[in-house]
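Data block below; observations after.
The values are calculated or read from the model by the stated rules, or taken from the named source; none is laboratory data. Just so it is clear, the structure is predicted and the values come from calculations on it, not from any experiment. Here the Cβ is made from the backbone with ideal geometry for all residues, glycine too, and neighbour counts use every protein chain on show. For the accessible areas, the whole protein counts, side chains as well, though only heavy atoms, and no ligand, DNA or RNA atoms are used. Shrake-Rupley method; radii C 1.70, N 1.55, O 1.52, S 1.80 Å.
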Amino acid sequence: MSREAYQVPTGSQAANPAAVGKSFDAYGGGAAEVGPQMQYLCGDCGLKFQMRRGDAIRCKECGCRILYKERTKRMVQFEAR
Amino acid sequence: MAPFVKPSEAELERRRTIQINDETVTNISSTDFPGHYPGEDNSWSFETFKNTFRVEHHYLTPAESSFSLIGADAAIANALRRILISEIPTLAIETVYVYNNTSVIQDEVLCHRLGLIPFTGSKKGIREFLRWRRKAEDGTPGPVYDYNTVQLRLQVECTRNPSAAPDEREPTKLYHHAHVYARDIEFVPAGRQADLFQAPEDIIRPVNPDILVAKLRPGQVIDLQMHMHKGVGADHAKFSPVATASYRLLPTITITRPILGRDADKFARCFPRGVIALERVSAAEANTPGSGYEGHEGEKKAVVADPMKDTVSRECLRHPEFEGKVKLGRRRDHFIFSIESTGQWDSDELLLEAIKTMKKKCERLEKQVINMVR
């Protein structure tokens, strides 16, 4: 690829025409542009809400931009020592 | 062979006293074994032991007890102490299965804290029904059954308290479950445990329900299951049935020359309260020539009231006015034990159990010795 043809990848699909039609979405659930729903926690107000790929990274209630993923539901075993 | 020599009472007294001097401790080793003193029979005999050995109880509560073993060797006393700390089995949390923990305390730290919480329950159930969890043949932890495992659960979620006052600052009032206590841990009976460990008396429960395990804020969750197994303190301190089990030797204070008047007051203040009492010099004492009390009738004099209360701080040895007037020491064969139980065993049961364990160990040793000479 020549230097001129290279484009800095961005989150927006429109800015990267080469990627249009291809999906990097490993989950493959639903439309490629939307992605699966993920649970997030607001870092400020603690609200739990769902977000999709491409959604604005903001809390739906307070607009805080710091979001946390939920802890895995997988069981972890420890010795009480 | 010449008949055995009997040492004088004063000599015996000297032998069983450890001398505490102002900067040294002398005469620390016991010498009552055969061959140390020529011509004396110091062989151990069960008859003498039976006649001289005594146990004195000082106080007893389920949580704490104190007693004296008098006439025993340090080896016996120390063996008992070590068995109390590390060889009496108790039940404690051993594995923790964390499903969710969003509190600020890390999983590992939380599990460690849970392990150290002392639990209690039906004594019959814990001692007779519950057994060791055996290892499988390949060394992995063995299977889990109702007779070797006790299951517990801790599920707490912190929520806001809508009825709290608007200007409330106290987290425990602002939120529900802001503090997670040991009492939030639930017992999950399995198999026959339901009959053996019945509420309220026999259920598996923390000894101290108010132990703070973690602190939460709204939205934070702790959800975990625990398995308890039997273990011994040698494996981990959480299995130790005692908080402390220790002994000290009985202090002795000997006033060799009279301490009178203001010196007596000062002398009493060198010791914890109750160790030294003040008495008046009687007429009879004042009239005895050579007693040191001549012409001091009616004056205060220091007498030893209760040396057991002494902490052996040696404060009295620092003052020149008491020089040569007092001797401090400890009785070599008088062990003042203090046992503080964590709650699974009562403190008096602990001593009996320790003696039982020691007997078992001696029997095992006896077998080995017999095998050795065979």
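Some observations on this one:
- With a 10 Å cut-off around each Cβ of A:69-79, the average count of Cβ atoms from other chains is 6.
- B:Tyr99 paired with B:Arg248, simple spin-label distance in nm, labels 7 Å along Cα-to-beta-carbon: 5.1 nm
- Top positive-direction residue, dipole computed over the protein assembly as shown with Cβ charges, set A:Leu47, B:Ile276, B:Ser68: A:Leu47
- Straight-line cross-link reach from B:Lys356 at under 14 Å between alpha-carbon atoms covers these aspartates and glutamates, not counting any fewer than eight positions away in the same chain: B:Glu87, B:Asp348.
- Average Cα contact separation per residue, chain B, under 8 Å, 6 or more apart, as relative contact order %: 24 percent
- Top of B:Thr172, B:Thr90, B:Thr17 by mean-square fluctuation, Gaussian network on chain B, Cα under 10 Å: B:Thr172
- Degrees separating the helix B:74-86 axis from the principal Cα axis of chain B, which is the longest one: 10 degrees
- Cβ distances below 4.7 Å define possible disulfide partners, and in chain B the cysteines left without one are B:Cys111, B:Cys158, B:Cys362.
- Calculated [θ] (222 nm, deg cm²/dmol) that DSSP helices of n ≥ 4 give over chain B, each run adding -39,500 (n - 2.57): -6500 deg cm²/dmol
- Lys, Arg +1 and Asp, Glu -1 on Cβ, resulting dipole of chain B about Cα centre, debye, nearest 20: 460 debye
- For the protein assembly as shown, the dipole from Cβ point charges (+1 on Lys and Arg, -1 on Asp and Glu) about the Cα centre works out to 1160 debye, to the nearest 20.
- Ordering of B:258-266, B:238-246, B:281-289 by packing [mean C-beta count within 10 Å, highest first]: B:238-246, B:258-266, B:281-289
- Those aspartates and glutamates that a straight Cα-Cα span of less than 18 Å connects to B:Lys50, excepting residues fewer than 8 apart in one chain: B:Asp32, B:Asp41, B:Asp73, B:Asp333
- For segment B:1-77, applying the loop criterion from DSSP together with a ceiling of 16 other beta carbons within 10 Å to the GluC sites (Glu not before Pro) yields B:Glu23.
- In a fully extended conformation the segment linking B:His319 and B:Lys266 would gain 18.1 nm over its present Cα-Cα distance, using 0.36 nm per residue.
- The Cα trace of the protein assembly as shown gives Rg and Dmax of 35.2, 122 Å, the first to one decimal, the second as a whole number.
- Test item: Cα-centred dipole of segment B:90-240, Lys/Arg +1 and Asp/Glu -1 on Cβ, debye: 300 debye
- In the elastic network of chain B, a GNM with C-alpha springs shorter than 10 Å, the most mobile of B:Gln106, B:Gln151, B:Gln344 is B:Gln106.
- Karplus-derived 3J(HN,Hα) values for segment B:331-338, using 6.51 cos²θ - 1.76 cosθ + 1.60 with θ = phi - 60°, are 7, 5, 10, 10, 9, 9, 7, 9 Hz; glycine and proline are entered as x.
- Residue with peak Gaussian network fluctuation, chain B [Cα springs, cutoff 10 Å], from B:Glu186, B:Glu94, B:Glu108: B:Glu108
- Radius 12 Å from Cβ of B:Gly121, net charge of other residues (Lys, Arg +1; Asp, Glu -1): +2
- Once both labels are positioned 7 Å from their Cα atoms along Cα-to-Cβ, the gap between B:Ser8 and B:His179 label points is 6.5 nm.
- Ranking B:Asn100, B:Val180, B:Thr149 by Cα position along the charge dipole of segment B:90-240, where only Lys, Arg, Asp and Glu carry charges on their C-beta atoms, puts B:Thr149 farthest toward the positive end.
- With all pairs of separate Cα atoms included, segment B:257-324 yields a Kirkwood hydrodynamic radius of 12.5 Å.
- Per residue, the solvent-accessible area of segment B:257-324 (1.4 Å probe, heavy atoms of protein chains only, all protein chains present) comes to 59 Å².
- Neighbour net charge for B:Glu297 - beta-carbon separation under 14 angstrom, K R +1, D E -1: -1
- Chain A against chain B buries an accessible area of about 1400 Å², both chains summed, 1.4 Å probe radius.
- For segment B:318-362, GluC sites (Glu not before Pro) meeting the loop criterion (DSSP other than H, G, I, E, B) and having at most 12 other Cβ atoms within 10 Å: B:Glu323.
- For segment B:12-18, Karplus couplings with θ = phi - 60° (6.51, -1.76, 1.60), whole Hz, Gly/Pro x: 4, 4, 4, 5, 9, 10, 8
- Extension gain (nm, one decimal) between B:Val109 and B:Glu186, 0.36 nm per residue minus Cα-Cα: 25.7 nm
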